[in-house]
Amino acid sequence: MELKQIIVPIVLFVCITYGFSVLVGAVVRILVIRDGASDALVASIVEGEARARRFGALQWGLNLVCLAIAFAVIELARLPAFSAGALALVLGALGVANLGHFALVRRLT
């Protein structure tokens, strides 16, 4: 099986799922506003979504930086690309990034 035949359906599924999520979120926001929700509730929803976007960006940033460090260590140590040590470094970097994200979120909220 070619790589295209595997990747295309996966990417299509992810795109459809993301589009559905965005659509449902927009419909819920419209219904809340249309039903005459208080200004405080609408402001709270908008603020919560903005906070979630910021924390999501923080988590992705930490994950990517820690992965880059792990791959640099793998390259500098001249480890084989698909070895247990390389996998341990990558998974450990993701774990450290997620723990760092958790600590930062607790400190910021």
Exercise. Only residues that are surrounded by 11 or more Cβ atoms within 10 Å (Cβ to Cβ) and either assigned by TED's automatic domain parsing to the domain that holds Gly25 or β-branched (Val, Ile, Thr) (or both): list them for region 87-109, please.
Key: Val90, Val96, Val105
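Residues are listed down the side, and each one gets a yes or a no for (1) in the same structural domain as Gly25 (by TED's automatic domain parsing); (2) among the small types (Gly, Ala, Ser); (3) under 24 Å from the mean Cα position of the chain (by Cα); (4) within 30 Å of Ala26 (Cβ to Cβ):
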residue: Ile45; (1), (2), (3), (4): no, no, yes, yes
residue: Gln59; (1), (2), (3), (4): no, no, yes, yes
residue: Leu64; (1), (2), (3), (4): no, no, yes, yes
residue: Ala68; (1), (2), (3), (4): no, yes, yes, no
residue: Val73; (1), (2), (3), (4): no, no, yes, no
residue: Leu76; (1), (2), (3), (4): no, no, no, no
residue: Ala81; (1), (2), (3), (4): no, yes, no, no
residue: Gly85; (1), (2), (3), (4): no, yes, no, no
Self-check item: In region 1-38, residue nearest to Glu49 (Cα to Cα) [restricted to those that are surrounded by fewer than 10 Cβ atoms within 10 Å (Cβ to Cβ) and of a type in the set (Gly, Ala, Ser)]
Solution: Ser38
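The values are calculated or read from the model by the stated rules, or taken from the named source; none is laboratory data. Here the structure is a predicted model, which is why all the values come from computation and not from measurement. Using ideal geometry, Cβ is built from the backbone for each residue, glycine included, and neighbour counts are taken over all protein chains shown.
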